[in-house]
Amino acid sequence: MYVRIESIDFGYTKKQTVLKDISFSMVEGEIVAILGSSGSGKSTLLRLLSGLEIPARGKIEINEETLCSADTFVECEKRHVGMVFQDYALFPHMDVYKNIAFGIRKYPKAQKRQRVMEMLDLINMEEKIHAYPHELSGGQQQRIALARALAPSPDILLLDEPFSNLDADLKMRIRHELRTIMKKSGMTSIFVTHDYDDAKDIADRIVYLENGRIAYEENVRHQ
Amino acid sequence: MLSRIKRNINVFSVISVIAALLIVIPMLNILLEVLSPPSAAWVHIRENLLNAYIRNTLLLIGFVAVFSALLGLFSAYVVSRFEFRGRNLLSWMLILPLAMPSYIAAYIYADMFSYTGTIARFMRSANIPLRVNMMNLSGAIFIFTMTLFPYVYMMSRSALSSQSASFSENARLLGANRFRVLSRVVLPLLRPALVAGTLLVVLETLNDYGVVAYYNVRVFSFAIFNAWFSLGDTTAAIRLSGVLMLIVFAIIFIERAIRGKRQYSMHVKGKPVEPKKLRGISAFIVPATLWLIMALAFFIPLAQLFYYASLTFSDVINANFIFLIINSLTLAITATAITVFVALMLANYNRGTKNRFKKGLLKVTNLGYAIPGAVIAIAVMLFVHGIDRTLYPVYRLFNPDTGRLVISSTLIMLTFAFVLRFMAIGYNSIEASYDKVGEKFTEASYSLRAGKLRTLLTVDVPMIKHGLISAAIIVFIDVIKELPLTLILRPTNYNTLASEVFRYAREEMLQESAVPALVLIGVATFAIYYLTHYNKKGVAANVREN
């Protein structure tokens, strides 16, 4: 298995339980949707996978590397995890090029530029290379955030409510486009949503979260 | 066209336009005077002194800006990003140095480091062969940094505590270490706050006369006073004012140009960054550094003032002192009331507007804060003298023996100058409150057929009362400790606490200046305490009201 999550427990305080005994696994290239109502703990699960929070118990393995267990904790900046935040969190003082290049600063200059161009080609936005985030529409910002997360070739891509900032019309159009980009990049991805249609249209499999526990799983597409 | 103009005439627009005219005419007057033929004194200044004035001014504001930015940023970062003992206390106390007028800190430090001063005596008794002379450019840089850095602190702390954690978290997920997150993300996003705070420090430094006069640092405000009072040359003073205004506008323009089309804020919902607990040696060193800054900027000069007050209070506190307090309070309350009233009218006139005329009007009326006191003083004096000259025949109708200067010899001139200079402060506070409340309540009132004035008094004012109180308190503190305008424009024999502190210091009677200085600092300290503790309630109340 490419991703293995075993018996994860988490609470922001000792008394409170946000996630309880979460276990599931994924094969390489799979897209999994975590579906649940607000407060069900789905965004917290992404924060645990990315290393922004530390679980009280459990084990996380990605690409045969243990990121978190009773005696191991790999800091978020060393995890090779890409994440698209709910509000995209594009750096407002950097243009599109600098935003995408932020995570690949160690690449030689020419290679860095080439990689940024590849990403812009993937999301079909080459002409916006020098635009600032405030000059882009919501949908364009979302694609740039996706390109930025994909640029360092992470082991896994996490998306936190990627459609929450888009209006209904745009959302319908972008859903299909997002799945195409994600599949084209071959990236193993987890995204959280509270909308069944989002989950059904994009994911290969849906994991239902209720009150911090996995209620059941559903295969939407056969791999 | 005519009907559109007619529709727009109301109490807010009339007062706003009159206020803007009263502010812009004196400034235009100065620009026109610059074009008049140069005097012999100006030729002398231009050929022999101007370069030194420009060099000293740039050195002073350059170093003060850098040091204040570093100190303000450091303290804001520590207070908002780390948890340690005394953090809550320090978070508001770091604003207190603003209660210490720069000129008072300057007198006290110069005295403490003088041959017979506390520190110099201590150094000699401890056999430390270190002799520090405060009365120079470096001393002035130290004084301004210590008394003005809270502007940067306040702005940066507010920006840091509202900065979404998503930016830093995202940067870390993209592989950035803590230093890179700080240097490439956190600090650049702070830029508007940092620049705004530093700009305030620079403007206040340019405005000062008390410190530079006492330390004999030949910068522009010193030169303007000198040209006016020592050389008796108005045109030279006006030309110097013109050059100083050019420097101010150049600074503002350069900042805007460097910023370009970049933006530094985006609406991002994420939670603010949680402060981390300081551990080990840093749990001791970091708070100790902040307390040291507080000691240098506030507690040490305050302790020295208390000591001097204990020696002189029986000589100083008399009927004359009571009059000083009454004068200062009357002047400050009158100027504050007028400023807040006009600011409220302007804020109403400009609510939610996209109209270029209104925006331009607003920029003009808020210009005063960027213009140093000495320049405003000259502008107002020329303007009011002009009015007196024009009205002289009218004065004679009432009193054939009248002198030429009637308004000029009253407090009207000084009050007008205060309103002009501090309008922006009052306006910004009121505008921020209006932004928070929004326009829906006012529109609801209009839809229920309430007129503009009734809506203002029964809906708007009660809803923004916290903003109005903040505006009034901030303007009040600024007026009561203001020096350059007071010195130039007060009527003969009319003294205030600030002018009396200046006079005592000038006459080498520093110990006698301690009591009035402590009253000024006490009033400002109380006001800061009230604002920092009251504002929290204000924010909570506004949230509830929404």
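The values are calculated or read from the model by the stated rules, or taken from the named source; none is laboratory data. Predicted model, so just to flag it, every value in this text is computed and none were measured. We place every Cβ from the backbone using ideal geometry, glycine too, and count neighbours over all the protein chains shown. The area values use the complete protein model at the heavy-atom level, side chains included, leaving out ligands, DNA and RNA. Shrake-Rupley method; radii C 1.70, N 1.55, O 1.52, S 1.80 Å.
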Subject >> Theoretical ellipticity at 222 nm over chain A - DSSP helices of four or more residues, -39500 (n - 2.57) apiece, nearest 500 >> reply: -9000 deg cm²/dmol
**OP:** Using only protein heavy atoms and a 1.4 angstrom probe, determine the accessible area buried between B and A, summed over both sides, in Å² to the nearest 100.
**Re:** 2800 Å²
**OP:** Starting from the Cα of B:Ile18, step 7 Å along the direction of its Cβ; do the same at B:Tyr494; then give the gap between the two resulting points in nm.
**Re:** 2.1 nm
Subject >> Within region A:68-91, backbone nitrogen closer than 19 Å to the virtual label 7 Å beyond the Cα of B:Leu182 toward Cβ >> reply: A:76-78
Original post:
Hey, with R₀ at 56 Å, roughly what FRET efficiency would B:Tyr395 and B:His533 work out to, going by the Cβ-Cβ distance, to 0.05?
Top reply: 0.65
Subject >> Förster radius 51 Å - calculated FRET efficiency between A:Lys106 and B:Arg55, Cβ distance, rounded to 0.05 >> reply: 0.70
Subject >> Whichever lysines have a C-alpha closer than 28 Å to that of A:Lys112, once near sequence neighbours (fewer than 8 apart) are set aside >> reply: A:Lys78, A:Lys98, A:Lys128, A:Lys183, A:Lys184, B:Lys261
Subject >> Solvent-accessible area of B:Tyr446 with every protein chain in place, 1.4 Å probe, in Å² to the nearest 10 >> reply: 80 Å²
Original post:
Expressed as a rounded percentage, what relative contact order does region A:161-223 have, with Cα pairs under 8 Å and six or more residues apart?
Top reply: 26 percent
Original post:
Peptide A:71-77: average number of partner chain Cβ atoms within 10 Å per residue?
Top reply: 3
Original post:
According to the square roots a ≥ b ≥ c of the eigenvalues of the Cα gyration tensor, what is the shape class of region A:155-223, taking rounded for a/c under 1.5, prolate for a/b larger than b/c otherwise, and oblate for the remainder?
Top reply: oblate
Subject >> Cα gyration tensor shape of region B:39-316, rounded if a/c is under 1.5, else prolate or oblate by comparing a/b with b/c >> reply: oblate
**OP:** Report, for the protein assembly as shown, the % of DSSP beta bridges that are antiparallel, rounded to 5.
**Re:** 55 percent
Subject >> Accessible area of region B:39-316 belonging to carbon and sulfur atoms, whole % at 1.4 Å probe >> reply: 65 percent
**OP:** Using Cα centres only, tell me the gap between region A:1-28 and region B:313-328 in whole Å.
**Re:** 72 Å
**OP:** Name the residues whose placed amide hydrogens come within less than 5 Å of the amide hydrogen of A:Glu210, ignoring near sequence neighbours (fewer than 5 apart) on the same chain.
**Re:** A:Ala215
Original post:
DSSP H helices in chain B with Cα extent of 27 Å or more along the helix axis and mean Kyte-Doolittle hydropathy at least -1.0?
Top reply: B:11-34, B:50-81, B:187-207, B:234-259, B:319-350, B:373-398, B:411-437, B:510-545
Subject >> B:Tyr392 accessible area, 1.4 Å probe, all protein chains in place, Å² to nearest 10 >> reply: 40 Å²
Subject >> Charged-residue dipole, Cβ positions (Lys, Arg, Asp, Glu), chain B about Cα centre, Debye nearest 20 >> reply: 2460 debye
**OP:** Evaluate the charge dipole of the protein assembly as shown about its Cα centre and quote only its size in Debye, nearest 20, assuming +1 on the Cβ of each Lys and Arg and -1 on the Cβ of each Asp and Glu.
**Re:** 620 debye
**OP:** Please give the length that would be gained between B:Ser310 and B:Thr118 if that part of the chain were fully extended, namely 0.36 nm times their separation in residues minus their C-alpha to C-alpha distance (nm, one decimal).
**Re:** 67.6 nm
Original post:
How far apart, in nm, are the 7 Å Cα→Cβ label points at A:Gln140 and B:Leu246?
Top reply: 4.1 nm
Subject >> Modelled FRET efficiency - R0 22 Å, B:Asn355 with B:Ala450, Cβ distances, 0.05 increments >> reply: 0.40
Original post:
Label 7 Å along Cα→Cβ of B:Leu35; region B:369-393 residues with amide nitrogen under 16 Å?
Top reply: none
**OP:** Would you calculate, for chain B, the mean residue ellipticity at 222 nm contributed by helices, counting each DSSP H stretch of 4 or more residues as -39,500 (n - 2.57) and dividing by all residues, to the nearest 500?
**Re:** -23500 deg cm²/dmol
